[in-house]
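Colleague: Submitted below is the structure of interest, expressed as C-alpha cells.
The values are calculated or read from the model by the stated rules, or taken from the named source; none is laboratory data. In this text the structure is predicted, and so the values were computed from the model without any measurement. For neighbour counting, all protein chains shown are included, and Cβ atoms are generated from backbone atoms with ideal geometry for every residue, glycine included. Areas reflect the complete protein model, heavy atoms only, side chains present, ligands, DNA and RNA absent. Shrake-Rupley method; radii C 1.70, N 1.55, O 1.52, S 1.80 Å.
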Amino acid sequence: MNISDKITKIRVGTASCGIAAGANEVLELVKKHAGNIPVEEVGCIGHCYAEPLVDIETTGGTVSYSHVAATEKAIANMFELGEDNRFDIPAGRKAKELHKVIRLAGRICPTSYDEYIENGGYKGLKKAFAMQPDEVVGEVKKSGLRGRGGGGFPTGMKWGFLAAKDAEQKILICNADEGDPGAFMDRSLMESVPHQVLEGMLIAAYATGATKIYIYCRAEYPLAIKHLQIAIEQIYERKLNELNGRSLEIIVKEGAGAFVCGEETALIHSLEGKRGTPRFRPPFPTDSGWKEWPTMINNVETFGNVPIIIGEGGDKYAEIGTEGSKGTKLFALAGDLKYPGLVEVPMGTTLAEIVFEIGGADPDNVKAVQTGGPSGGCIPVELFDTPVDYDSLRSLGAIMGSGGMIVIGKNRCMVETARYFLDFTHRESCGKCTFCRVGTKRMFETLERIVGGKGELEDLDFLEDMGNKIRKGSLCGLGQTAPNPVLATLRYFRNEYEVHVIDRQCEALACNALVDVQLEQSNCIKCKLCIKNCPVDAVSDDFVIDNNKCTRCNTCIEVCPKNTIFRVKKGEGFYSE
Amino acid sequence: MQESYGYLNKIDKDPSNLIKGLQAVQATEGYVSDVSIIAVADYFSLPAVEVEGVLSFYAQFKRTKPGEYHICVCDGTACHIKGSTLILDWVSTELGITDGETDENGLFSLETVACLGCCSLAPVLSINGKVYGNLDRKGTVKILKEYRNK
Ligand SMILES: Cc1cc2nc3c(=O)[nH]c(=O)nc-3n(C[C@H](O)[C@H](O)[C@H](O)COP(=O)(O)O)c2cc1C
Ligand code: FES
C-alpha cells in the first residue's frame, strides 16, 4: 500500500453493535472529511469486539481500522492510511471460520438492492423459478439442512408437508423472535443482509405454494425491522413477490417481549393478536396454523441458508458438516473471551476450536461454555473436544439451540448461573402447565436459598427430582427444557453446589451472601475514594470495611485506584458488633 | 372513539392487529393507560378485559408512565455473566429508583431487559434506545450525569 494510493470508498459498520460502540459519531466525522469520496454504511462482519470498524478502499486494496474513536485525530489517521488502529482478522478466526451465510454481511450496504445483485443476490431465486416447485423442495431435502431455530427439524421435510397441502391460503412464517438472551445471529443477519433472508423466504414460498409471509420479529431489534421493511419495498418495486400466479404479501410484525412466543404454536397465537400460550401438537402448524390455515415456520438463519443451497445445489451443500448435521452454523460468541462476536463454522468444528482458537479465550481461565441459552446446558472445559452438531451436544445434556454460546470464566459461579436461568424461565413460563409454572418457581426458590447460603444437601436431590418431573409434565419446549441448565450444572459441577450447601462458601466469590469485602491496608494510599463513594457508609475513617453494613455492590472495588479492595471468603472480612 | 386516538385508524380493525394497536398506543404515549385500554377495546370491538388479558401477557407493555429518559439495563446471559447485577445496583443507587420505577421528577425510569442483541459489548444498557456498551462503574455514572445535565 502506498501513500499515493487514492481512496475510492469508505465503509463504516453501523449495525447495532457498531452503533453501541459509537459508529454513528464516527460516521458523521468521516462524512465531514470525505469530500467526494463515497461513504457507505454497512452491517456487521462479526468482529463485534473491534467496533467501530471502518474500511478504507483504495486503488491499492482495502485497509481496515478498528476501535475507531470519534476524534479528529483518529479520522485523520485513517485518511492518511496511517498505522494506528489497523485491523487484521485474528489468525485463529481466519483459519477456522468458513463464511457462507455471512459472506456478504458487513461487506455490502444492507439496504442496497443493487449491491446485493452485484454480489450474486437473487440468483438462487432465479434458479428456483426455472425449476419445478417439488424439485426445489428436493434440493433442500438433499442438502440435509436442519432448522436453525433450535429444534433441528429437517427443513426439506417440513417444506414437503406444506407443499402437499391443497388449501386456499398457505402461510409462511419467519421466526425472528430470537428469544435466547445472549444470542444475536438472527439480528445480525437481518440487519446486515436482509435481502438474503428474504430471498430464502421467496424461494420457500415458491416451493411450497405459500400465499402470505409473516416475519415475527423481536421488538428489541428496531434496526433489523427497518432494514427488512426497506428491502421488502425494494422487492415489491421489482415485483419479485409475484409468484405462483399472485402477488405475495410480506408483513413484518413486532413481537412484544415474551420468550415463549418463539415456540411455534405460541407465536401463531401472538400473530393472531392473542396471549402467546402454546398449545398441544398435533395438529402441527403445517396442518392447522395461522387462523387454521396450513402454516410453516422457519427460523431466520434457516432461510439465510436457502439461497446458498439452491445456488450451489443440495449435494454440494451437504459436503460440509457431519453425518447428521450439514452445512455451516452461526454462533453468537460472548462472555469471558477476547474476541466476542458472530462466527460461522462448519458443523463438526469442536468447542475448543470455537472457544480458544476463534474466540481467543484464555485456556487457563475457562470453566465451561453455555450453549442453547435457557433451554440448554453448560459443557465443562474437559469436554471441549466435542464436535458441535445437533446430536453430540444433546448427548452431553446441552443442546445446540439457536447458536448462543456464552463462555464462562473460572471466576463465575455455576450455581449462580443456573439460578439466573431459572429466574428467567420461571418468569417466562406462560402458566398453562402446572409443572412448568409452579415447578420452575420452586426450583428457582431453592436455588435462591442455595446461593443465599441457606441451602441443604437435600435441596440438590429435590432439584434433580423436580427437574425431571417438569421435563415430563410440560406441554411445550419451554418447560421441557427449562430444568436443563440446573441438571447440567448438577451433572458437571456438583462439587460447587456442595461447597455452597455444606461449607456455605462460594469459591468463585460471586454469590453476595457468601462473600465478604476487605481492604488491604498495606497498599492503601488513603485517597478516601472508597469512603466517599460507598452508598451505605460501610468504610470507616481508618479504612476498615464493615461487612455488617456492606451490600457487596463492588463500588469501592471499582473506584479504588490501587486495586487494594477485594472480595474474600465469607468470615474473613471484618464485622462490627 | 376519542379523537386523540386517531392514529389507530391506520391499523386494520381485524382483532389479529390488537398487539399492533397496543404497540401504537405505547409508542405514542409511552405506556398504556386505563383510558387507552378502553379506546383500543372500542376500536377493535373487543371487551376491555380481553385487551387487558393480552396486554398483561407481554412484558413489553408498560402500565405506568415512564420517565423522560427510560433506562433499560440488560440482564441477558452475556451481560449477567459480565456483572449486570452490579450495573443495576449502581444505577439504582445513583438515581434512587429500583427496577420498574420512575423517579419523582419523571426524568428517569429504570427497567431490566433480557438481551439487547449487543452481547459482545456486555455489559450494556440503553437509554431511550441508544445502547452503551463495555460498562464499568465509572462509565455508567458518567452516562447518567450526562443525561441529568441535558
Ligand atoms: C420456548 C421456545 C422458544 C423458542 N424460541 C425460538 C426463537 O426465538 N427463534 C426460533 O427461530 N425458534 C425458536 N423456537 C423453535 C420454534 O418453535 C421452531 O421450532 C422453529 O422456529 C422452527 O424453525 P426451524 O425449523 O427453521 O428451526 C423456540 C422453541 C421454544 C420451545
Ligand atoms: S446479553 Fe446483554 S446484550 Fe445480549
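Colleague: Just to be sure I understand, how many residues within the stretch A:319-342 are closer than 15 Å to A:Arg93 by Cβ and in a loop (DSSP other than H, G, I, E, B)?
Modeller: Counting residues in the stretch A:319-342 that are closer than 15 Å to A:Arg93 by Cβ and in a loop (DSSP other than H, G, I, E, B) gives 4.
Colleague: Here's another thing I want to ask about it. What residue, of A:Ala76, A:Ala69, is within 14 Å of chain B (Cβ to nearest Cβ), farther than 28 Å from A:Ala183 by Cβ and surrounded by fewer than 21 Cβ atoms within 10 Å (Cβ to Cβ)?
Modeller: That would be A:Ala69, the only listed residue that is within 14 Å of chain B (Cβ to nearest Cβ), farther than 28 Å from A:Ala183 by Cβ and surrounded by fewer than 21 Cβ atoms within 10 Å (Cβ to Cβ).
Colleague: What are the pairs with Cβ atoms under 8 angstrom where one residue, in the stretch A:25-54, is at positive phi and the other, located anywhere, is aliphatic (A, V, I, L, M)? Sequence gap at least six, or different chains.
Modeller: A:Gly46/A:Ile102; A:Gly46/A:Ala105; A:Gly46/A:Leu342; A:Gly46/A:Val343
Colleague: Report, by residue number, each residue of the stretch A:270-284 that is open to solvent by less than 40 Å² (accessible area, probe 1.4 Å) and within 26 Å of the chain's Cα centre (by Cα).
Modeller: A:Ser270, A:Leu271, A:Gly276, A:Thr277, A:Pro278
Colleague: Sticking with this structure for a sec: Could you pull out the residue among A:Ser392, A:Ser429, A:Ser474 that is surrounded by fewer than 22 Cβ atoms within 10 Å (Cβ to Cβ) and either under 20 Å from A:Gly151 (Cα atoms) or within 14 Å of another protein chain (Cβ to nearest Cβ) (or both)?
Modeller: A:Ser392
Colleague: So, in the stretch A:530-561, of the ones that are under 39 Å from the mean Cα position of the chain (by Cα) and loosely packed, with under 14 Cβ neighbours inside 10 Å, which residue ends up nearest to A:Asp503 (Cα to Cα)?
Modeller: Among residues in the stretch A:530-561 that are under 39 Å from the mean Cα position of the chain (by Cα) and loosely packed, with under 14 Cβ neighbours inside 10 Å, the one nearest to A:Asp503 (Cα to Cα) is A:Val536.
Colleague: Among the residues of the stretch A:198-216, which ones are hydroxyl-bearing (Ser, Thr, Tyr) and more than 12 Å from ligand 1 (Cβ to nearest atom)?
Modeller: A:Tyr206, A:Thr208, A:Thr211, A:Tyr214
Colleague: Hey, another quick one. Examine the stretch A:337-346 for a residue that is open to solvent by 20 Å² or more (accessible area, probe 1.4 Å), of a type in the set (A, V, I, L, M) and either closer than 22 Å to A:Ile45 by Cα or touching a Gly at 6+ places or on another chain (Cβ under 6 Å) (or both), and state whether such a residue exists.
Modeller: Checked against the condition, which is being open to solvent by 20 Å² or more (accessible area, probe 1.4 Å), of a type in the set (A, V, I, L, M) and either closer than 22 Å to A:Ile45 by Cα or touching a Gly at 6+ places or on another chain (Cβ under 6 Å) (or both), the stretch A:337-346 yields at least one hit.
Colleague: For the stretch A:255-264, does any single residue satisfy the condition of being within 16 Å of ligand 1 (Cβ to nearest atom) and either part of a strand (DSSP E or B) or over 18 Å from the mean Cα position of the chain (by Cα) (or both)?
Modeller: Looking through the stretch A:255-264, at least one residue is within 16 Å of ligand 1 (Cβ to nearest atom) and either part of a strand (DSSP E or B) or over 18 Å from the mean Cα position of the chain (by Cα) (or both).
Colleague: On to the next question. Just for the stretch A:395-423: of the residues that are closer than 24 Å to A:Glu178 by Cβ and charged (D, E, K, R), which one is surrounded by the most Cβ atoms within 10 Å (Cβ to Cβ)?
Modeller: Per the criteria, the residue is A:Arg419.
Colleague: Still on this structure: Which of (1) away from chain B (no Cβ under 14 Å); (2) touching a Leu at 6+ places or on another chain (Cβ under 6 Å); (3) surrounded by 19 or more Cβ atoms within 10 Å (Cβ to Cβ) does A:Phe435 not meet, given it meets every other one?
Modeller: (2)
Conditions tested, residue by residue: (1) over 25 Å from A:Glu344 (Cα atoms); (2) assigned to a loop (DSSP other than H, G, I, E, B); (3) in the same structural domain as A:Met78 (by TED's automatic domain parsing).
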| position | (1), (2), (3) |
| --- | --- |
| A:Arg11 | no, no, yes |
| A:Ile19 | no, no, yes |
| A:Asn24 | yes, no, yes |
| A:Leu27 | yes, no, yes |
| A:His33 | yes, no, yes |
| A:Gly46 | no, yes, yes |
| A:Asp55 | no, no, yes |
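Colleague: Can you find a residue in the stretch B:95-102 that is away from ligand 2 (no atom under 16 Å from the Cβ), open to solvent by less than 20 Å² (accessible area, probe 1.4 Å) and among the β-branched types (Val, Ile, Thr)?
Modeller: Checking the stretch B:95-102: at least one residue is away from ligand 2 (no atom under 16 Å from the Cβ), open to solvent by less than 20 Å² (accessible area, probe 1.4 Å) and among the β-branched types (Val, Ile, Thr).
Colleague: Could you tell me how many of the residues in the stretch B:32-59 are surrounded by fewer than 20 Cβ atoms within 10 Å (Cβ to Cβ) and under 24 Å from A:Pro181 (Cα atoms)?
Modeller: Summing the residues that are surrounded by fewer than 20 Cβ atoms within 10 Å (Cβ to Cβ) and under 24 Å from A:Pro181 (Cα atoms) in the stretch B:32-59 gives 3.
Colleague: Of all helices (runs of 4 or more DSSP H) completely enclosed by the stretch B:42-150, which ones contain at least 2 residues that are away from chain A (no Cβ under 11 Å), out of contact with any helix residue (DSSP H, G or I) (no Cβ under 7 Å at 6 or more places or on another chain) and farther than 19 Å from B:Leu22 by Cβ?
Modeller: Hits in the stretch B:42-150: B:137-148.
Colleague: Kindly list the number of the only condition in (1) surrounded by 20 or more Cβ atoms within 10 Å (Cβ to Cβ); (2) away from ligand 2 (no atom under 16 Å from the Cβ) that fails for B:Lys145.
Modeller: (1)
Colleague: Looking at the stretch A:169-222 only, could you name the residues that are of a type in the set (D, E, K, R), open to solvent by less than 10 Å² (accessible area, probe 1.4 Å) and away from chain B (no Cβ under 13 Å)?
Modeller: A:Glu199
Colleague: For the stretch A:1-33, how many residues meet the condition of being open to solvent by 30 Å² or more (accessible area, probe 1.4 Å), modelled with pLDDT of 95 or more and of a type in the set (S, T, N, Q)?
Modeller: Residues that pass the stated criteria total 2.
Colleague: Is the stretch B:76-89 home to any residue that is more than 16 Å from ligand 2 (Cβ to nearest atom) and either within 14 Å of the chain's Cα centre (by Cα) or open to solvent by 20 Å² or more (accessible area, probe 1.4 Å) (or both)?
Modeller: Yes - at least one qualifying residue is present in the stretch B:76-89.
Colleague: Name the single residue, out of those in the stretch A:349-378 being within 16 Å of ligand 1 (Cβ to nearest atom) and on the phi > 0 side of the Ramachandran plot, that is farthest from the other protein chains (Cβ to nearest Cβ).
Modeller: So, considering only residues that are within 16 Å of ligand 1 (Cβ to nearest atom) and on the phi > 0 side of the Ramachandran plot, the one farthest from the other protein chains (Cβ to nearest Cβ) is A:Gly372.
Colleague: Which condition from (1) at pLDDT 95 or above; (2) of a type in the set (Ser, Thr, Tyr); (3) loosely packed, with under 13 Cβ neighbours inside 10 Å is the one that B:Ser4 breaks?
Modeller: Checking B:Ser4 against (1) at pLDDT 95 or above; (2) of a type in the set (Ser, Thr, Tyr); (3) loosely packed, with under 13 Cβ neighbours inside 10 Å, the one that fails is (1).
Colleague: Sticking with this structure for a sec: Using the structure shown, decide if A:Ile565 is closer than 25 Å to A:Glu416 by Cα, touching a residue at least 40 places away in the same chain (Cβ under 8 Å) and in contact with a Leu (Cβ under 8 Å, 6 or more places away or on another chain).
Modeller: Yes, satisfied.
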